[in-house]
Amino acid sequence: MIRKLYDWVLALGASKDAPKALGAISFAESSFFPIPPDIMLIPMVLAKRESAWRFALICTITSVLGGLLGYFIGAFLLEAVAQPILELYGYWHKFEAFQEAFNEWGLLIVFVFGLTPFPYKVITIASGATGLNLPIFILSSIVARGLRFFIVAGLLYFFGPPIKEFIEKRLGLMFFLGCALLVGGFIAVKFLF
C-alpha cells in the first residue's frame, strides 16, 4: 500500500497540476497522510530549478496549515480520530510518556521533529492533545518546516541532480544528528545554568 501511494505521489509531481498537488500532499502529510512532500518537491525542483523557492514556500505554508488540522484533531478529536491514526503508526502506546515530555519541551519538540523525517502528524496531533500553546506551535512549525523545505530546495537549486541521491539517502540522518546536537546543547545549558 505504501509503495502504491509513493508511486502515485511521484506521478503527481510530474503533472501540470504539480504545485497544487504538492500543496495538497504537504497539507495532508502534516495531519494524516503517510508520504512526505519531499518526494514531490525533489523532482519538481530538479525539473524547474528556477521555481525552487516557490515550491519550498508552498510546502512550508501548506505543511503549517495541515499541522493546524493535526493540532485540532489532537485537541478536539483525540479518541475518535487521533487515537486510530496514532495506532496506525504504532505510537499510541507511547503517547502518555510523550505527553509528559510535551509539558516541558513542547517548543523544542515541535521544532526538532518538524525538521526530521519523523512523522510530523504525530507531533501536530500530540501538540493539540497536550494543549501546547498555539502561537508557540505555529511559530516553531513555520521555522522548522520552512528550514526543512528550503534546505532541500536550496541544495537542489545550487547543486542540481547529483544532490538528489544524497538527499534521499542521507539528509534525514544529517537532520537527526543536527537535532541531537541541538537538543544536547539545550540540555547542557539547562543543567549548567
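Overview of values
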| quantity | calculated |
| --- | --- |
| Number of the condition not met by Glu87 [criteria: (1) touching a helix residue (DSSP H, G or I) at 6+ places or on another chain (Cβ under 8 Å); (2) closer than 17 Å to Ser31 by Cα] | (1) |
| From the options Ile138, Ile123, residue that is of a type in the set (A, V, I, L, M, F, W, C), within 11 Å of the chain's Cα centre (by Cα) and under 21 Å from Ser31 (Cα atoms) | Ile123 |
| The range 122-147 residues that are closer than 22 Å to Phe33 by Cβ, paired with ones that are aromatic (Phe, Trp, Tyr) and outside any helix (DSSP H, G or I) (beta carbon under 6 Å, 6 or more apart) | Val122/Tyr91 |
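Every number here is computed from the coordinates shown, using simple stated rules; none is lab data. Quick caveat, the model's predicted, so the values are computed rather than measured. Note that each Cβ is placed from the backbone with ideal geometry, even for glycine, and that neighbours are counted across all protein chains shown.
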